[in-house]
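The values are calculated or read from the model by the stated rules, or taken from the named source; none is laboratory data. Here the structure is a predicted model, which means the values were calculated and not measured. Here the Cβ positions follow ideal geometry from the backbone for every residue, glycine too, while neighbour counts run over all protein chains shown. With ligands, DNA and RNA removed, areas are computed over all heavy atoms of the protein, side chains included. Shrake-Rupley method; radii C 1.70, N 1.55, O 1.52, S 1.80 Å.
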Amino acid sequence: MGTFVQLVVDGLSTGSVYAAIALAIVLVNQATGLINFAQGGMAVLAAYVAWALTNRGVPLVLAILLSIVFSFVLGAVVERYLMRRFERGDPDTAVVVTIGLLTLITGVAGWLWTYNNQSFPSLFPLDTVSFLGVSVSIRSIGTTLVIVVVMALLQALFVGTKLGLALRAVAINPQSASYSGLPVGRLLMVGWGLAAALGAVAGALVAPQLTLTPGMLDNALVYALAAVILGGLTSPVGVVVAAWIIGVLENLAAVYVPFIGYDLKVAVPFILIFVVLIVRPQGLFGRKTVVRV
Amino acid sequence: MASASAVQATPSPSAASPAPSFTERPWVRRAGALLLLVVLVVAPLVLPQFANETLARVGVFAVAVLGLNVVMGYTGQVSLGQIFFLGLGAYVTAYGVQHDWNVVVVFLLACVVPAVAGLVVALAAARLGGLAIAMVTIALPIVGVPLAKRLGDVTGGSQGISARMGGAPEGSGLYNDQWTLYVVLVIGGIVFLLTRSLVRGKFGRAFAIVKGNEHVASSMGISPYRYKVLAFTIASLIGGVSGFLYMYVIQYTSPETMSFGHSIQLLAAMVIGGAGSIVGSILGGAYYVLVPQLTNEIDASLTALLQGAILLAVLFVLPGGLASLLRAVTRGRRRSGAGNGAAAPSTTPPSTAGSAPAAGEPETERHGHA
């Protein structure tokens with residue numbers, strides 16, 4: 001029983017990391033209609049920036065905050081100078097552009113900081129706390145909490161502020177939004193910036209556990225994409241729930257299903273996807289899109 | 001890219017244009033194909049061993065890129081999993097060779113097993129519209145590597161598996177590298193010819209419509225789902241063939257063969273070579289093999305950075321890839337030569353010149369060589 005609870009809590013924590021990246025992907029998709037395969041790569045770059053800053057003696061929390069600002073700027077710049085050209089065109093080409101960006105970012109990180117694993121200081125102590133006779137790690141609880149708080153802030157931004165309203169308007173219909181005087185280009189930059197900043201939070205939280213390498217979030221990207229498919233691109237809540245389900249299920253499967261084990265647990269979300277695809281092609285929470293020809 | 005493939009799919013109305021330019025005359029094209037065939041037959045005999053080995057590897061990956069082109073370039077479905085089918089084909093081949101199965105049986109299995117795997121994946125993945133196929137197929141290399149490591153009894157685990165198929169037969173007077181290159185040229189050539197016919201025929205037109213607009217396709221009675229599954233299955237089958245050739249040429253495979261990084265490189269090679277182009281597939285294969293060697297020469301730690309930069313630069317400057325550059329060059333020449341050539345759009349993609357070694361009658365092959 002103790003192991004089970006520990007596994008569930010750890011699963012929620014990794015699930016939160018997937019959820020953050022998945023939400024970033026949804027954010028970009030809602031704004032520009034494309035899937036950013038470089039979302040994880042950008043988060044890794046942010047984690048490297050935080051790591052480099054701590055090596056220069058900057059306190060960890062400040063370093064992470066600075067890396068989040070860096071990510072926001074990076075996201076906005078990438079949107080303005082790289083993606084804008086491809087946004088109105090063929091979505092396949094835009095996807096290939098993000099894949100090129102992923103290669104480039106991975107290459108930059110590998111070139112600047114080598115492909116060796118670097119240890120990233122943890123924001124939380126590695127101790128465990130006992131609660132009702134079960135011990136759970138503080139890091140898992142802390143990771144989950146931080147990401148839930150960040151998501152709540154984002155939700156508040158989108159629902160409660162004028163900026164959020166404008167961002168939603170651009171996501172729903174960029175043309176009408178620009179007719180009503182919204183600076184669509186700048187709002188798209190903000191959307192990409194927010195997505196990248198969200199990714200940076202996830203990167204900083206998961207880096208101590210995975211150790212920092214340029215390909216650190218490749219697997220997390222796959223999980224996040226699985227969560228996006230399961231939750232449905234139109235449903236941020238669904239995506240977060242799906243990410244948690246994936247995080248918990250893969251942890252349980254790794255321990256309780258002998259064939260899967262730790263090395264093959266990455267297959268779990270895709271087995272789940274195959275089952276869901278047969279039953280609900282629009283995702284667990286998504287709506288069926290109807291398109292007029 | 002879409003328009004280019006659509007144009008290719010239509011039968012070339014060269015008879016309709018008033019004065020066929022030099023490169024469009026039938027005898028010129030036949031002679032060109034014959035010349036290419038002669039070059040392909042003679043080249044392995046005169047080239048040094050290193051060049052033959054490199055060319056054989058280019059051939060292997062040209063076939064792999066061709067498979068990716070079927071699903072992505074022609075049908076417009078982004079697939080990040082093509083390398084998985086190459087790996088699967090290679091493992092099937094290695095397993096068969098180690099158990100001394102007949103080489104024909106091994107080849108057929110190396111085609112069928114990846115094709116069936118691709119069919120199963122496509123049946124589920126194609127249910128999702130748009131970019132979701134990319135999001136699902138990215139899992140193939142990510143799951144494939146640990147799976148290959150896990151099934152160590154069959155795959156040799158992380159150590160990999162090596163298997164050697166027969167070298168040059170006795171009495172042929174060929175060196176092994178020459179024989180290997182011939183095998184790659186023959187099998188690869190057949191795959192290229194078959195694929196060229198496929199994408200220029202009825203299926204190719206259906207693929208182009210699915211790529212262009214799925215709703216239009218279904219209103220014309222072409223099921224996007226079915227054609228996506230078909231394209232993906234064919235791509236997997238071609239991937240399996242490239243896996244067989246990979247094993248024939250390199251004689252060793254490990255889980256690393258189908259890593260995520262290689263999968264991305266293969267996709268980059270296809271885009272840089274030219275999506276939806278037969279010649280582009282060959283150029284893509286050459287890019288996949290040669291450019292990493294080149295960038296490693298410059299600075300190994302810069303390889304990924306340079307490759308990403310090259311891919312982005314090509315997307316910005318030359319969205320149709322290197323093949324479109326070739327096409328533009330030949331079109332420009334035709335325009336200046338034929339005077340009124342501007343009236344005739346690119347009815348004849350120059351891809352035919354490079355990709356159709358057997359377009360001439362096969363009987364002339366011996367004459368050409370003698």
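For the protein assembly as shown, the fraction of C-alpha pairs more than 38 angstrom apart is 37%. A straight line joining the Cα centroids of segment B:62-80 and segment B:95-155 runs 16 Å. Taking A:N36, A:N117, A:N251 as the candidate residues, the one with maximal mean-square fluctuation in a Gaussian network model of chain A, Cα springs under 10 Å, is A:N117.
Using R0 = 41 Å, the C-beta based FRET efficiency linking B:Q98 and B:A300 works out to 0.80. For segment B:129-226, rounded, prolate or oblate, judged on the Cα gyration tensor with a ≥ b ≥ c (square roots of eigenvalues), a/c < 1.5 rounded, else prolate if a/b > b/c? Oblate is the answer for segment B:129-226, as a/c is 1.5 or above yet b/c matches or exceeds a/b.
Answer rounded, prolate or oblate for segment B:236-333, using the Cα gyration tensor with square roots of eigenvalues a ≥ b ≥ c: rounded when a/c is under 1.5, else prolate when a/b is larger than b/c, else oblate. Oblate, because a/c is 1.5 or more while a/b does not exceed b/c. Along the Cα-to-Cβ line of A:Y262, 7 Å from the Cα, sits a label point; which residues in segment B:131-154 have backbone N less than 17 Å from it? Residues B:146-147, B:149-150 qualify, since their backbone N sits under 17 Å from the label point. Using the Cβ-Cβ distance between B:S219 and A:V275 with R0 = 41 Å, the FRET efficiency computed as 1/(1 + (r/R0)^6) comes to roughly 0.85. Per residue, the protein assembly as shown reaches -23000 deg cm²/dmol at 222 nm when only DSSP H runs of four or more residues are counted, each adding -39500 (n - 2.57).
Taking every C-alpha pair closer than 8 Å and separated by at least 6 residues, the mean separation divided by the residue count of chain A gives a relative contact order of 35 percent. Starting from one equal scatterer on each C-alpha and no solvent at all, send me the Debye-based log10 I(q)/I(0) for segment A:2-216 at q = 0.13, 0.15 Å⁻¹, two decimals. Results for segment A:2-216 at q = 0.13, 0.15 Å⁻¹ read -0.76, -0.96. Taking only complete DSSP H runs, can you tell me which helices of chain A stretch 27 Å or more along their own long axis by Cα positions and average at least 1.0 on the Kyte-Doolittle scale? Correct list, ordered by number: A:2-32, A:91-113, A:138-160, A:184-210, A:236-256. Computed from the Cβ-Cβ distance with R0 of 22 Å, the FRET efficiency linking B:R164 to B:L194 stands at 0.20. For B:K211, the lysines whose Cα falls under 17 Å of its own Cα, not counting residues fewer than eight places away in the same chain, are B:K202, B:K228. Figure note: A:I260, B:I83 ranked by solvent-accessible area, largest first, 1.4 Å probe, ligands and nucleic acids not counted: A:I260, B:I83. Residue order by solvent-accessible surface for B:I238, B:I209 is B:I209, B:I238, largest first, with ligands and nucleic acids left out and a 1.4 Å probe. Remark: spin-label model distance A:I172-B:V105 equals 6.5 nm, labels positioned 7 Å along the Cα→Cβ axis. Computed with a 1.4 Å probe on the full set of protein chains, the accessible area for B:K211 sits at about 40 Å².
Label sites at B:Q251 and B:V39, each approximated as a point 7 angstrom past Cα along Cα to Cβ, lie 3.0 nm apart.
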